[in-house]
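Just so it is clear, none of the values below were taken in a lab; they were calculated from the coordinates. Given the structure is predicted, the values throughout are model-derived calculations rather than measurements. Cβ placement follows ideal geometry from the backbone for every residue including glycine, while neighbour counts extend to all protein chains displayed.
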Amino acid sequence: MATQPQSTDLDFSERPVPDEGRMPRANLMMAWWAVCSAIFYMVVAAAMARSYGTTNALIGIVLTMIAYGVINGVISRFAMKTGLTVALFSKILFGHVGAMVATLIFFATALYYAVFEGYVMALVLTEWSGNLPMSVTTAIVAILGVALIFGSVQHWLDKFNGALLPVYVIGMLIAVGMAIAEFGYPSDWLSRVPEGGASPWGWLQTFAYYNGGLGADDVHLRLCPLR
């Protein structure tokens, strides 16, 4: 009697991820490179500098980097050692309800990013086109965004991010050069403060904003068990 070939069980919702089911280091690095190119980071940094002053914004950003490095360093090692996913880790901390809360947080974070960055791209497309209304450019961005998250397309993009990051860096340098050429270089940018003066707690407000707005997405990547 012929035996049926055993299928590989890829459902790790109720058990730790084994070594063979974990994300390779190269794939995880590509995912991190994709996060680095988020428009959100640039806009938030500019908003913090305008609201609390450049110095306060830079202090808050540096403190955020240190806090993320320490906390996520512990989480990363824990994920690699145990193979726990975000859902399982949440169940350990908060029980079965915790997994639902984590899912809702990721949903809200992804929706926030999609709406925020989609709006920025639609606005730029409207300005560049000169005649397309905002409703049309918003539809174009939404359709393209949805098309790029389906199965094999998303896996292909994870690999393609390795080539996209240098393009992003070069594009940013060109954009900065064009802005300086048109508006000049602001030599006092480091000492700029908002109207009415800078708040003495501006650095703490910046730190709190970054940790509240970006924490969920960062922890999600940290809890992707890798090989």
| remark: So, with points 7 Å from each Cα along the Cβ direction, the Val35-Val115 label distance in nm works out to 2.3 nm
| note | Simple SL model, points at 7 angstrom along Cα→Cβ for Ile92 and Leu165; separation in nm is 2.8 nm
| field | In sequence order, calculated HN-Hα J values of segment 73-86 (Karplus, 6.51, -1.76, 1.60; Hz; x Gly/Pro) | value | x, 5, 5, 4, 5, 5, 5, 5, 6, 9, x, 6, 8, 4
| field | Estimated distance in nm for a label pair at Ala208 and Met134, the labels positioned 7 Å out from Cα along Cα-to-Cβ | value | 3.0 nm
| note | To the nearest 0.05, the calculated FRET efficiency linking Leu173 and Val124 through their beta-carbon distance, R0 being 22 Å, is 0.75
| said: Between Leu58 and Ile71, what is 0.36 nm times their sequence separation minus the Cα-Cα distance? Round to one decimal in nm. | reply: 2.7 nm
